[in-house]
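S.K.: Shown below is the structure under consideration.
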């Protein structure tokens with residue numbers, strides 16, 4: 001299917017057409033699966049969540065939202081990226097809570113793999129997620145860029161094509177986003 005068909009499906013999905021949302025999901029499944037794999041790779045090896053599970057959870061999250069609009073493919077993928085990041089962070093928070101004994105869950109699964117520093121990775125991921133939420137309030141396009149490049153593995157060239165801007169503009173925005181995130185993360189640490 002071409003770009004015109006994707007745009008038509010996005011418009012229909014914006015009007016709360018579940019069939020269009022489902023068709024859009026099927027059309028972009030391979031790309032969304034790649035996004036899920038990248039998102040999990042960035043989260044660290046301590047996660048036992050699989051890309052297919054993450055993708056399907058994100059889909060369920062997105063379909064239930066009637067107030068969200070996707071004016072173009074870039075915004076759709078950006079929203080999917082943000083949804084996956086949120087799910088990964090929620091998953092790491094729940095795992096950390098279980099390890100601290102705040103949540104009891106009986107499962108038939110084998111013991112989860114442990115890794116030195118996994119708790120620290122989860123904390124850093126949460127801090128980055130919070131900083132990205134703050135950045136989204138300041139400039140949502142910069143936060144979306146971070147989601148797409150850092151968490152989902154899109155190249156600057158792919159992002160520039162999706163957004164219809166030059167790769168140089170994307171690189172400039174990337175530097176700006178990193179600077180703002182770095183400042184936010186340093187502010188969170190407080191005085192040393």
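Readers should treat all values here as calculations from the given coordinates under stated rules, not as data from a laboratory. Values in this document were obtained by computation on a predicted structure and should not be read as measured data. Note that each Cβ is placed from the backbone with ideal geometry, even for glycine, and that neighbours are counted across all protein chains shown.
S.K.: With the crude spin-label approximation of a point 7 Å out along Cα→Cβ, what separation in nm comes out for residue 168 versus residue 26?
M.R.: So the label points at residue 168 and residue 26 sit 4.3 nm apart.
S.K.: Can you figure out the FRET efficiency of residue 185 with residue 53, using R₀ = 35 Å and their beta-carbon distance, to the nearest 0.05?
M.R.: Working: r = 29 Å, r/R0 = 0.83.
My answer for the efficiency is 0.75.
S.K.: Using R₀ = 25 Å, calculate the FRET efficiency as 1/(1 + (r/R₀)^6) where r is the Cβ-Cβ separation of residue 178 and residue 72; round to 0.05.
M.R.: Rounded to the nearest 0.05, the efficiency is 0.50.
S.K.: On to the next question. Based on other C-beta atoms within 10 Å, arrange 62, 27 from fewest to most.
M.R.: With the sparsest Cβ surroundings first, the list reads 27, 62.
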